[in-house]
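Engineer: Dropping a structure here in structure tokens format, bear with me for questions.
The values are calculated or read from the model by the stated rules, or taken from the named source; none is laboratory data. Predicted model, so just to flag it, every value in this text is computed and none were measured. Neighbour counts run over all protein chains shown; Cβ positions are idealised from the backbone, glycine included.
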Amino acid sequence: MFIVKYIKEVFNAVKSLFVGLRRTGYYFTHHKEIITQQYPDNRDTLNLPERFKGEVVMPHNENNEHRCTGCTACELACPNGTIKVITKFDIGTDGKKKKAIDKLVYHLELCTMCNLCIIACPSDAIVMAQTFEHSVFDRAELTKILNNPGSKIMEGVE
Amino acid sequence: MVEEIGTTEEGDLIINVGPQHPATHGVLHLVITLNGETIKKVEPHLGYIHRSIEKMCESLTYRQFIYVTSRMDYLSAHINNHACALCVEKGLDVEIPRRAQVIRVLMDELTRIASHELWWGAMAMDLGAFTPFFHAFRERETINDIMEETCGARLTMNYMVPGGLMADLHPNFQKRVKEFITLYKLKINEYAELVTGNIIFQNRMKGVGYLSAEDAISYGCSGPTARGSGVSCDIRKLYPYEVYDKLEFDEVLETEGDSFARYMVRIGEMNQSIKIIEQLIDNIPDGDFQAKTKVVLKLPKGEFYSRVETARGELGVYIVSEGGTTPYRIKFRSPGFSNLSALDHMARGSKLGDLVAMMGTLDLVIPDIDR
């Protein structure tokens, strides 16, 4: 019967709309299922996972010593030319000349956080930090020198 | 090349959709010739996001070039990296550990679900329903959090490297994936309630954008676009890589060839991906996550090709090596480009309003088309 089929179709169509509306209404009345995070108000409680790739940093210990030997493995591994290692020659305690880093220049504006430099580093001198709010007003601020002024290489790192 | 403004000699109207248009999901530029409201011709103009990724890759070493491919099809970044890593491994002739293979498949399937969820939300939004977008992002967020914990990034992970993986799994990974599976099974009914069963949605999708199986083959369509027309083209089934040949899953096929069939294929694929993850998540073998490779990779002289199934279709990576540390020529066969070429054929004769539904079911990612 054509009429019965037609009415059935109309009924099913209206029913399908109400099924969807019921789901919408469910969330309208159940506020606890809302998962929106109120960034930046929740900055204090925001925890990023320890593997998050935010920017490259060089950790220093309390004596202002780092682990970088200036081998330029990170510079060679980087696909974008983000890292530039400038080396100098220190005169050690035994009077011999020893290669050390003068500056490790890091261009955050070029970095794609691919993690290849961290893997390439043989002495674990650089790690990824969990910072992510990198916006600045002046582009020059994004070019960073990773080693602290006056820092030295840690004893025993070759 | 047609004129981009005005009317043709026959009096047909020419309108431009894009490059900045919310329904094209990126910088796709369509020049549409209209007779009244009927589409006579659709001509995609590309090049607005061309970054010459293939040429960039030729100046980078075999370890470095993989990160760039995350930026092609950013919604299935893992699978792009996987294809490149497979191709380099083929050239190096290394066997990667079984643990790495299983983790790679797990990550691929999680990415596939995340990609299809975003597609589902964006598809419904194109057709005028805004709420499903947030529902889809709720589940996708869980996958992004899992990726963030293990790979360190949410979209451009660069986790698969030649020889295996960049890092081992995070200790929480299994627990969180199981939580996601529970959440997904709880929420997948909502998808059917909100969109699939909706009469307005069905009427806008059924019979719209018909693509026959012959046309799907001749235009080189792959992935859900071709499977909606009944063409069996799942690379995971036809040319299994990693551990896919030992897994139980179905290739989702629909034979109608219209937009609704393509929609149902993608919904079915999400369920199949969950099935694959459930089989693997408790059976991750112990062992190394990386095979031993040299620091500087050199491929022998020759040509290498690998193919994988991304969320959009078949991705092929073709490397010509001259024996050095960088590829001599690299070519990506991206699924989006071939799928887009079928749009003109699908759209001819239909109304302008249906074009959005067709583009939605093709699941276009413009950086993948342009590279």
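Engineer: Only one of these conditions is not met by B:H135: (1) crowded, with 17+ Cβ neighbours inside 10 Å; (2) within 10 Å of chain A (Cβ to nearest Cβ); (3) closer than 30 Å to A:A120 by Cα. Which number is it?
Structural biologist: With (1) crowded, with 17+ Cβ neighbours inside 10 Å; (2) within 10 Å of chain A (Cβ to nearest Cβ); (3) closer than 30 Å to A:A120 by Cα applied to B:H135, the lone miss is (3).
Engineer: Looking only at residues in segment A:118-141 that are β-branched (V, I, T) and in contact (Cβ under 8 Å) with a residue 40 or more places away in the chain, which one is farthest from A:C74 (Cα to Cα)?
Structural biologist: For segment A:118-141, the residue satisfying everything is A:T131.
Engineer: Looking at (1) in a helix (DSSP H, G or I); (2) in contact with a strand residue (DSSP E or B) (Cβ under 9 Å, 6 or more places away or on another chain); (3) over 19 Å from B:L211 (Cα atoms), can you tell me which one B:D344 breaks?
Structural biologist: Among (1) in a helix (DSSP H, G or I); (2) in contact with a strand residue (DSSP E or B) (Cβ under 9 Å, 6 or more places away or on another chain); (3) over 19 Å from B:L211 (Cα atoms), the lone unmet condition for B:D344 is (3).
Engineer: Can you pull out every residue in segment B:148-161 that is surrounded by fewer than 23 Cβ atoms within 10 Å (Cβ to Cβ) and more than 19 Å from the chain's Cα centre (by Cα)?
Structural biologist: B:E148, B:E149
Engineer: Moving on. Determine, yes or no, whether A:T36 is of a type in the set (S, T, Y) and either free of Cβ contacts under 8 Å to residues at least 40 places away in the same chain or farther than 28 Å from A:N147 by Cα (or both).
Structural biologist: yes
Engineer: Only one of (1) touching a residue at least 24 places away in the same chain (Cβ under 8 Å); (2) in a helix (DSSP H, G or I) fails for A:K8. Which number is that?
Structural biologist: (1)
Engineer: Now a separate question. For segment A:39-58, enumerate the residues that are outside any loop (DSSP other than H, G, I, E, B) and surrounded by 15 or more Cβ atoms within 10 Å (Cβ to Cβ).
Structural biologist: A:E55, A:V56, A:V57
Engineer: In the set B:T38, B:T24, B:T8, which member is under 18 Å from the mean Cα position of the chain (by Cα) and not assigned by TED's automatic domain parsing to the domain that holds B:N144?
Structural biologist: B:T24 is the lone residue from the list that is under 18 Å from the mean Cα position of the chain (by Cα) and not assigned by TED's automatic domain parsing to the domain that holds B:N144.
Engineer: Moving on to the next point. Going through B:D126, B:D145, B:D93 one at a time, which residue ends up being in the same structural domain as B:Q272 (by TED's automatic domain parsing), among the acidic types (D, E), touching a Gly at 6+ places or on another chain (Cβ under 8 Å) and surrounded by fewer than 24 Cβ atoms within 10 Å (Cβ to Cβ)?
Structural biologist: B:D126
Engineer: Filter segment B:185-234 down to the residues that are more than 14 Å from chain A (Cβ to nearest Cβ) and β-branched (V, I, T), then identify the one that is farthest from the chain's Cα centre (by Cα).
Structural biologist: B:V208
Engineer: Of these, B:T156, B:T142, B:T182, B:T150, which one is within 23 Å of B:V105 (Cβ to Cβ), among the β-branched types (V, I, T), in a helix (DSSP H, G or I) and facing chain A (nearest Cβ under 9 Å)?
Structural biologist: B:T150
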